[in-house]
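This report concerns only the one structure given below.
The values are calculated or read from the model by the stated rules, or taken from the named source; none is laboratory data. Predicted model, so just to flag it, every value in this text is computed and none were measured. Cβ coordinates were reconstructed from backbone atoms using ideal geometry, including for glycine residues, and neighbour counts include every protein chain displayed.
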Amino acid sequence: MGIFPTFCPAPHLFGARPTPIPGSGFQIAGHSLRPRGSPMKRAPAKGPSRHPAPPSGMLVAADNPATWRDPAQAGIADLGNFALALGDIPGSMTLIEQQALACSHLIALGGDHTIALPLLRALSKRVGGKLALVHFDAHVDTWPDNFGQAIAHGSVFYHAITEGLVDPGRMVQIGIRSPVSRDIYEWGIAQGITVISAEDVHLSNPAAVADRIRAVIGSHPAYLSFDIDALDPAFAPGTGTPEVGGLASWQAMGILKRLDGLDWRGMDVVEVLPAHDVAEITALAAATVAWNYLSIVT
């Protein structure tokens, strides 16, 4: 099956546990979760995702020249959108976790970054322990709550760490640059998180950044969580909480391409907001992240 003919609009799988296409090594699913009571006017999802992204269709044509692999030949099942309990965040978390457990290697497209928590819960169960984490983002997402909500896009990795899903000593955050409480930032450092700020990336180069990531992750089972706001708004305007000074698309792709050979077990690309996109460049950037990921794991 081809990759990304649209931004996961169809087919849809109804019910709590999807059945991947027999023989597929990888599964792609859309997630359109929006936290109830979110204070952000620019929420990344308002219901089932049906926004077409024709530019992403250009990514199916041939090999990725960085790896000389064609992700379209990897045996990929498009699961459509995961079922959600709309308006019920705990219920949606349970549904996402149940559906993710049925997947051997999930590529999740969002949607709100909150989806990473149930995906990590499911994957931690599959591997039988803690995961290493490569986290591209403008924000640390390690607040204990988010505007009064215990579980939301700003607190997802606080819970992932405190629930024992992620080993913070094998966690790297890339692109961090947003305002953050000093206590929150220092809590992450004290846990063992390695932070590579956006400025660090700008003052270095993709090869050196990738080497630093590889040194932290080692041979541990690893998960990639890519918030599209890791990119500068010039490259990804269609997101809910843009922050200036971010990564250029070439920097992010250059880093990702050099992470071939790690023990990847799954990934997400989140916080794409089609209503605020311009010429679908954010959708194309997100699809390209997933395409490059598939190129290093197939």
Inset, instruction - Would you point out the residue of region 115-143, among those that are in a loop (DSSP other than H, G, I, E, B) and touching a Ser or Thr at 6+ places or on another chain (Cβ under 6 Å), that is nearest to D232 (Cα to Cα)? - result: A138
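Of everything in region 82-98 that's part of a loop (DSSP other than H, G, I, E, B) and touching a strand residue (DSSP E or B) at 6+ places or on another chain (Cβ under 9 Å), which residue is nearest to A122 (Cα to Cα)?
F82
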Inset, instruction - Specify which of the listed residues (A160, A152, A122, A138) is at pLDDT 95 or above and closer than 21 Å to L273 by Cβ. - result: A138
Legend entry - Hits in region 236-247 - residues which are over 17 Å from the mean Cα position of the chain (by Cα) and either closer than 30 Å to S219 by Cβ or of a type in the set (V, I, T) (or both): V244
Inset, instruction - Would you check if there is a residue in region 106-117 being in contact with a helix residue (DSSP H, G or I) (Cβ under 8 Å, 6 or more places away or on another chain) and surrounded by fewer than 22 Cβ atoms within 10 Å (Cβ to Cβ)? - result: no
Inset, instruction - Working only within region 266-283, note down all residues that are crowded, with 20+ Cβ neighbours inside 10 Å and within 18 Å of A108 (Cβ to Cβ). - result: G266, M267, D268, V269, V270, E271, V272, L273, T282, A283
Inset, instruction - Mind listing just one residue for me: the one in region 58-81 that is at pLDDT 60 or above, over 19 Å from the mean Cα position of the chain (by Cα) and assigned to a helix (DSSP H, G or I) and, of those, surrounded by the most Cβ atoms within 10 Å (Cβ to Cβ)? - result: A72
Inset, instruction - Would you check if there is a residue in region 158-180 being part of a helix (DSSP H, G or I) and in contact with a strand residue (DSSP E or B) (Cβ under 7 Å, 6 or more places away or on another chain)? - result: yes
Legend entry - Those helices (runs of 4 or more DSSP H) lying entirely in region 182-253 with at least 2 residues over 22 Å from I281 (Cα atoms), in contact with a Lys or Arg (Cβ under 7 Å, 6 or more places away or on another chain) and aliphatic (A, V, I, L, M): 206-217
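Quick check: anything in region 147-155 outside any loop (DSSP other than H, G, I, E, B) and surrounded by 24 or more Cβ atoms within 10 Å (Cβ to Cβ)?
Checked against the condition, which is being outside any loop (DSSP other than H, G, I, E, B) and surrounded by 24 or more Cβ atoms within 10 Å (Cβ to Cβ), region 147-155 yields no hits at all.
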Inset, instruction - Go through the residues of region 99-110 one by one and say whether even a single one is assigned to a helix (DSSP H, G or I), in contact with a strand residue (DSSP E or B) (Cβ under 9 Å, 6 or more places away or on another chain), hydrophobic (A, V, I, L, M, F, W, C) and within 20 Å of G266 (Cβ to Cβ). - result: yes
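Working carefully through the options A287, A230, find the one that is closer than 28 Å to V127 by Cβ, among the aliphatic types (A, V, I, L, M), touching a strand residue (DSSP E or B) at 6+ places or on another chain (Cβ under 6 Å) and crowded, with 20+ Cβ neighbours inside 10 Å.
Criteria check complete, one pass: A230.
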Inset, instruction - With the checklist (1) at pLDDT below 95; (2) of a type outside the set (G, A, S); (3) more than 30 Å from G129 (Cα to Cα); (4) buried (at least 20 other Cβ atoms within 10 Å of the Cβ) in hand, flag the one item Q251 doesn't pass. - result: (1)
